[in-house]
Structures are given as C-alpha cells and as structure tokens.
Amino acid sequence: MKSMAEHPFHDQLGLEEQAEKLGKQAVSLGLIPSFVVHYFPDTWVFYIPNESQSEALTPEEAYFRLNQLVRQ
C-alpha cells in the first residue's frame, strides 16, 4: 500500500485537484461518460454517473475510484 507521501497531493485542495484531473482523464479515455464536480467553500463533491444513478463522492472516494479506473 502506498503511503500518503507517494501521492501527488499534500493537502485537501491538492487531493481535490488530482481527483478532478483523474476524472477528466477517465472521460478522455472513454472509461466514464462524464463526471460532475460541485465546488463548495469547504470541499468539492464529485459525481460519477453510471447507467442508473450517480452517488455523491468525497474527494478521497473520487480520487481512489478514478485512480483505479485510469490505472486498469
């Protein structure tokens, strides 16, 4: 398992930006049809739609889910 030092972010904003970058990469690779980010002052909320629904994801959940998709 990777330590946090091996990830390309060091704070909440860095994590959110990396999750957004992975989302854009996943869309461009055709891995997901789209994704939405709601920007709030204290955190960003990510939505990755599938065929039937779209659940709200924390930046951490979005990062790890999108990172897994892109690296497959």
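Each value in this text was obtained by applying a stated rule to the coordinates, not by laboratory testing. All values reported here derive from a predicted model rather than from experimental measurement.
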Determine the calculated [θ] at 222 nm for the chain from helices alone, applying -39500 (n - 2.57) to every DSSP H run no shorter than 4 residues and normalising by the residue count; nearest 500 deg cm²/dmol.
-13500 deg cm²/dmol
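Roughly what % of Cα-Cα distances in the range 32-72 sit above 18 Å, to the whole percent?
Across the range 32-72, Cα pairs with separations above 18 Å total 23 percent.
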Would you look at the GNM of the chain, springs on alpha carbons closer than 10 Å, and say which of 59, 41, 33 moves the most?
41
With θ taken as phi - 60° and the coefficients 6.51, -1.76 and 1.60, list the Karplus ³J(HN,Hα) couplings across the range 26-31 in order, rounded to whole Hz; mark glycine and proline as x.
5, 5, 5, 7, x, 7
Enumerate the calculated ³J(HN,Hα) couplings along the range 55-72 in order (Karplus 6.51 cos²θ - 1.76 cosθ + 1.60, θ = phi - 60°), each rounded to whole Hz, writing x wherever the residue is Gly or Pro.
9, 6, 10, 6, x, 5, 4, 5, 4, 5, 5, 5, 4, 5, 4, 5, 7, 5
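At 0.36 nm per residue, minus the direct Cα-Cα distance, what do residue 29 and residue 68 gain on full extension? Give it in nm, one decimal, please. Walk me through the numbers before you get to the answer.
On the way: separation 39, 0.36 × 39 = 14.04 nm, distance 1.33 nm.
Extra length available between residue 29 and residue 68 comes to 12.7 nm.
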